[in-house]
Structures are given as structure tokens and as C-alpha cells.
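One structure below.
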Amino acid sequence: MLDTVRTYLDNNKDRFVDELVELLKIASVSADPKYKAEVFKTADEIKARLTEAGADNVEVCPTKGFPIVYGEKLVSSDLPTVLVYGHYDVQPPDPMDLWDSPPFEPVVKDGKIYARGACDDKGQMYMHVKAFEIMMQTDNLPCNVKFMIEGEEEVGSDNLGDFVKANKEKLAADVVLISDTSMIANDVPSITVGLRGLSYLEVEVTGPNRDLHSGIYGGAVANPINILCEMIASLQDENGHITIPGFYDKVEELSDELRAEMAKAPFDINEYKKHLDIDDVYGETGYSSMERTSIRPTLDVNGIWGGYIGEGAKTVIASKAYAKISMRLVPHQKSDEITQLFSDHFKRIAPKSVKVKVTPHHGGEPVVTPTDFPGYIAASKAMEDTFNKKPIPVRTGGSIPIVALFEEVLGLKTILMGFGLDSDAIHSPNEHYGLFNYYKGIETIPLFYKYFADEMKKQGGD
Ligand code: BES
Ligand code: MN
Ligand code: MN
């Protein structure tokens, strides 16, 4: 089967890239209302591509926000069903001036496609559409397949939960397959078996009822920016532990054996530092860099503002200061509970001289998936065939909140078979996706279907 897939891919390589380039030209930024029309246009475009590739009943399903594109190919009720999830929305491109080429004018350079969404997730999602085309055209579709491609992942998938709950029958499947994560390196394939959860909130600190002259009032009235900085600084102690009472209560301490097993995944700290142009890494005492970004919870300020930030100087004490804060969560921590703990703590530590408001944003639960069920075995065999190396199971730091929901609502395990690299600059300027990775994904996916059908037959057959 691999030979047939490779031949088809070879004969259509350039077209596959051209099609992705066209998709990347549409600026489907879900966070910013000014791109609204383009987000909708992208959904229509995905519908057309799925239909062309051979999917049936393709529809653009409206939600309160951006639509979900659904399509399916039901070959036989005797065969297992794969539910493919991906997202067609992308992060805002800012800061624009740091891009070497415009974010929505894709260029192919040094074997990589540069554009917003190239890797996260248009490029990775489109691999599934092209792999499906190959399976249809070469008579090699050994499973039923359902596609669900959403347009609100980057803003918290607010409407996907309702859609999944309302369409349990339609989405019934045996496994969820997602390519929206990264692997260790192009010669070190890996499969993601853990994602962190997320609590995201915004804080507002109010001092005096108006901006004040910093000479007349400075020293006698609380400066909300100073206070906010102190409050934020106090959220972590000198060991990088988060000081919110109860924060670690449910965090699972992993056994030394499991930690030793995880530490076998290759990681070059010097390369890591060099790549980020930093002289040293940072983090919680007692844990390695890899552990800090996978099995440990964290707290980060994502943005902070207030006061005068224009040209030159203005001597002022601002009335208000703001920050956006995210916490990454690990198994057993619950997003709502952590948000509440943060909120209570933040209000408690505020001095009387200011007022504090905490507004929760989206959240998501952490997930860990097993390595001994048909989905994982199939993904592992598929990658082993195409990389000539057995992939390593790894937990990763990012979040895909909907994965926990697939388990809860549909009772389905998810396979996170991503082909990106951490260095692909997702969410950053100059996001890119290697052609090697794009093609590798396209040739690996059909093998996943083959092995998944085999594994399911083994399970049911005897
Ligand atoms: N694809 C990413 C998540 C990801 C990337 C996981 C790389 C593992 C490795 C996804 O699009 C994303 O950015 N998720 C957000 C959360 C969402 C609620 C905005 C994140 O992790 O910040
Ligand atoms: Mn993504
Ligand atoms: Mn993302």
C-alpha cells in the first residue's frame, strides 16, 4: 500500500502544495472581527475541497460563532470509523513587522511553506484531506471516515461542545484522529499522548478614579501598575512554585520510573538555548525543561498594559492596569477550579488601595491517552513504516481543549499524530511548515487507516 500511496503522492506533489498555498491566502483569523468574512470564506473553501476529494454529505454547519465543516465517507457498517478533527482558523498575525514575508502571501523557501496557519493547523489539517483523496483514488479506504473541521479552536472552541453534544449519532466513531501537535524532530518521530489543560483569565486593577499627575500625587496614591506587577511577581516563589493556595492539591506526582522513561526522549538543552537565543533556561526547581513543559503546571502573563505607552514621556499615574494570565494544567487539575482558586487568591492579596476585577476566559481540561489501544498501535506502526523508526510517546505542553470533550461526550480516545516541529513558529511571526513534514503526514495517514482497520478486526474477530 505504501508504494501505491507514494506513487500517487509523487505524481501530485506540486498540486498538493499549490492547493495548500491557496488555502493559506485566506486570512481566517478567528480572534479579530475584521477577518470575519474570510473565516466564513475558508469554511466554504474547505467544503469544496472535501467534496472534490470524494467526501459525501459535506456541509457547512452554522454555530453561534464560526461554522464547523462536516463531511463523511461511509464505506460499510462492518468497518471501523475514524473521526478526523482539525481547525481552519488561525492565530492573529501580529506583530506584522517581524514577518519576513506577509503572513497571508505564502512563500515556499528552503523547503518550507511560510504563512500564518502553515503548520497550525491548515497545513496539518489539509494533509488529511489529501491522504483521503489518495485513499479514494487508489481504492485503499479501509475505514469509514468523518471529518469535522472547526473555525474557533484558537479562541477556545466555544461552540464545538454544543455541536458535539447535539450530534452524537452523526459523529459516532471508533477513534478521533488529529494532526495539530508536533513531533520531536524529523528523524525522531513521536506521538503525543498528553496535552495540558488551560485556565485563562484577565485581571483589572483600579487605583484612583482618573489618571493623575505623578508629581502631585506620586507617593501618596497606589499606582495600579506598580501594584499589579507586585501581585503578579508574588504568584511564583524563588523555586518557581506557584503560590496560589491549593494550586497543586490535585497534581499527580509521577513515579521515578515513569520520569526516567520520559527522560529517554532526546532533548538537547544547548540546541534549545541556541534556538531561542537565551543564555539559560528557567523554571520550577527539581524538574527538567521537558518536564516543566509537560508534566508540571505553569502560570504565565500573556500581556500586560496600562498607563502611557505613546511617544516620549508623560508623567502620569494611571487609573487602571490590566494583564492577561494563563495557567497550563496537568491531569486531575480542573480548569474551573483553578480559575476559582486564582480569582479568590488574587482578590485576597490585593491591597486596600486598589480594586481588583478578575474575568475568566476560555479553559480546557488536560488529557493523557494510553499507548496500548488500537488507535495508538496503528499510529505507531504507520509512523514506523514511513520514518523507519518507532515513534516515541511524549506528553506536550500545549492544549487542545476539545480532546477531553471527545472522551467525555463521545466516549472516544484521541490519537494526536502531529507532524509539525516545535521550531515551526506557530503563533509567532514567520510560522512555517516543512514540505518534508507535509508529505510525510500525507503518506503516513493512509497507513494509519490500514493498521487501524487491522487492529480493530483483531480485537473484534477472535
Ligand atoms: N495546535 C495548538 C496546540 C498544540 C501545539 C499542542 C503544539 C501541542 C503542540 C492549538 O492550536 C493551540 O494553539 N491551542 C491553544 C489553546 C486554545 C484554547 C487557544 C494553546 O495551546 O495555547
Ligand atoms: Mn492548532
Ligand atoms: Mn494554535
The stretch 238-250 residues that are among the charged types (D, E, K, R), paired with ones that are in a loop (DSSP other than H, G, I, E, B) (beta carbon under 6 Å, 6 or more apart): K250/H332; K250/Q333
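Tell me the residue from Y449, Y438, Y433 that is of a type in the set (F, W, Y) and touching a Lys or Arg at 6+ places or on another chain (Cβ under 7 Å), please. Outline the logic, then answer.
On the way: Y449 fails: touching a Lys or Arg at 6+ places or on another chain (Cβ under 7 Å); Y438 fails: touching a Lys or Arg at 6+ places or on another chain (Cβ under 7 Å).
Every option except Y433 fails the conditions.
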Please specify each residue of the stretch 244-277 satisfying the condition of being out of contact with any helix residue (DSSP H, G or I) (no Cβ under 8 Å at 6 or more places or on another chain), in a loop (DSSP other than H, G, I, E, B) and closer than 26 Å to W305 by Cα. D277
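Residues of the stretch 285-317 being under 23 Å from the mean Cα position of the chain (by Cα) and not in a strand (DSSP E or B), which ones? Full working, then the answer.
First pass over the stretch 285-317, keeping only residues under 23 Å from the mean Cα position of the chain (by Cα): 288-304.
Within the stretch 285-317, S288, S289, M290, E291, R292, T293, S294, I295, R296, P297 qualify.
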Quick check on the stretch 395-445: of everything there that is within 24 Å of Q333 (Cβ to Cβ) and of a type in the set (S, T, Y), which residue is nearest to ligand 3 (Cβ to nearest atom)? S399
Can you name every residue in the stretch 169-208 that is of a type outside the set (A, V, I, L, M, F, W, C), part of a loop (DSSP other than H, G, I, E, B) and in contact (Cβ under 8 Å) with a residue 60 or more places away in the chain? K170, D174, S179, D180, T181, N186, D187, P189, R196, G207, P208
Of everything in the stretch 343-369 that's touching a Gly at 6+ places or on another chain (Cβ under 9 Å) and buried (at least 19 other Cβ atoms within 10 Å of the Cβ), which residue is nearest to V221 (Cα to Cα)? V354
Out of V188, V145, I need the residue that is crowded, with 24+ Cβ neighbours inside 10 Å, under 20 Å from G418 (Cβ atoms) and at pLDDT 95 or above. Which one? V145
Given the conditions (1) in a helix (DSSP H, G or I); (2) modelled with pLDDT under 95, which single one is not true for C229? (2)
All but one of (1) away from ligand 2 (no atom under 16 Å from the Cβ); (2) assigned to a helix (DSSP H, G or I) hold for L23; which doesn't? (1)
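The values are calculated or read from the model by the stated rules, or taken from the named source; none is laboratory data. Predicted model only: the values in this text are computed from it and were never measured. Every residue, glycine among them, receives a Cβ derived from its backbone with ideal geometry; neighbour counts consider all protein chains shown.
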